[in-house]
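Read-outs throughout are calculated quantities, based only on the coordinates presented, and are distinct from any laboratory measurement. Remember, it's a predicted structure, so these values are computed and weren't measured experimentally. Cβ: placed from backbone, ideal geometry, glycine included. Neighbour counts: every protein chain shown.
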C-alpha cells in the first residue's frame, strides 16, 4: 500500500477511514440529507431508483478505475477498490448493528460531514481514495498542485445543487453545510507536499 506506513497501519487506516465515512453517510441518510461526489450522486439516485446506496456507489465508481490505473497506478487502484467495497457494504448493512431512531438534522449535517471528512483524510493520507471524484481530485492535486479539498468542494456543491429538484430548500442548505464541513477538513489538512520528507540543506 503506502510505502511510508506499515501494512498494519495501512489496513487500520483502510478500515477506520471507511467506517467513519460509512457512519457519516448513515447520518445523512437518516435525515434525508445529500452530499457531494459519487456518494452524493448515489444518495440522489437511491431517491429515484429501487437500488440501494451500496449497489449504486459501487457501480458508479467502476469507470473511474480506468483513470486510477493509468494515472495513479495499480496499488492505489486496488486500495481504492477495497475502500469503496467496504463503504458500499457497510452503509447497506450497518443497520444490523446501529439503529438511529432520531437525530437533529443540523447535528447530522455537521457531525456527518465531519465524519466523512475525517474518514476521507485518513484514507487520503495512506495513498488511497474512495473512488469517483476522489480519484479525480487526487489526480489534479498530484499533477497540477490543486488542493484536493477545493476540487472536491466544487464537485460536491454541484451535486447538492442538482438535488434542488428532489428535496426542500432546508435540507439543501443543511446538505451544503455538511459538504462544507467535509471539504474544509480536507482543504485545511490535506495539502500537496505537507507529508513529504524534508531534505536537509
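Taking a ≥ b ≥ c as the square roots of the eigenvalues of the Cα gyration tensor, an a/c ratio of 1.5 or more together with a/b no larger than b/c marks segment 1-71 as oblate.
Computed FRET efficiency, Cβ-Cβ of residue 67 and residue 168, R0 41 Å: what is it to the nearest 0.05?
Details: r = 35 Å, r/R0 = 0.85.
So the FRET efficiency works out to roughly 0.70.
When the chain is treated as a Gaussian network with alpha carbon springs shorter than 10 Å, the biggest mean-square fluctuation among 163, 129, 52 belongs to 52. When the Gaussian network model of the chain links Cα atoms closer than 10 Å, the mean-square fluctuations of 75, 125, 143 top out at 143. For the chain, relative contact order (Cα pairs under 8 Å, six or more residues apart, normalised by length) works out to 32 percent. The reciprocal of the average 1/r between distinct C-alpha atoms defines the Kirkwood hydrodynamic radius, which for the chain equals 16.8 Å. When the helices of the chain are scored as -39500 (n - 2.57) per DSSP H run of n ≥ 4 and the total is divided over every residue, the value at 222 nm lands at -22500 deg cm²/dmol.
Against the longest alpha carbon principal axis of the chain, how many degrees, from 0 to 90 and to the nearest 10, is the axis of helix 148-162 turned? Here the helix axis deviates by roughly 20 degrees. Among 169-179, 110-120, sorting by the average number of other beta carbon atoms lying within 10 angstrom of each residue, highest first, gives 110-120, 169-179. With N denoting the number of residues in segment 92-145, provide Rg(C-alpha) divided by 2.2 N^0.38 Å, to two decimal places. Ratio of Rg to 2.2 N^0.38 Å for segment 92-145: 1.49.
Once you reduce segment 116-153 and segment 47-102 to the center of their Cα atoms, the two points are 15 Å from each other. The translational diffusion coefficient of segment 110-191, from Stokes-Einstein at 4 °C and 1.567 mPa s with a Kirkwood hydrodynamic radius over alpha carbon pairs, comes to 101 µm²/s.
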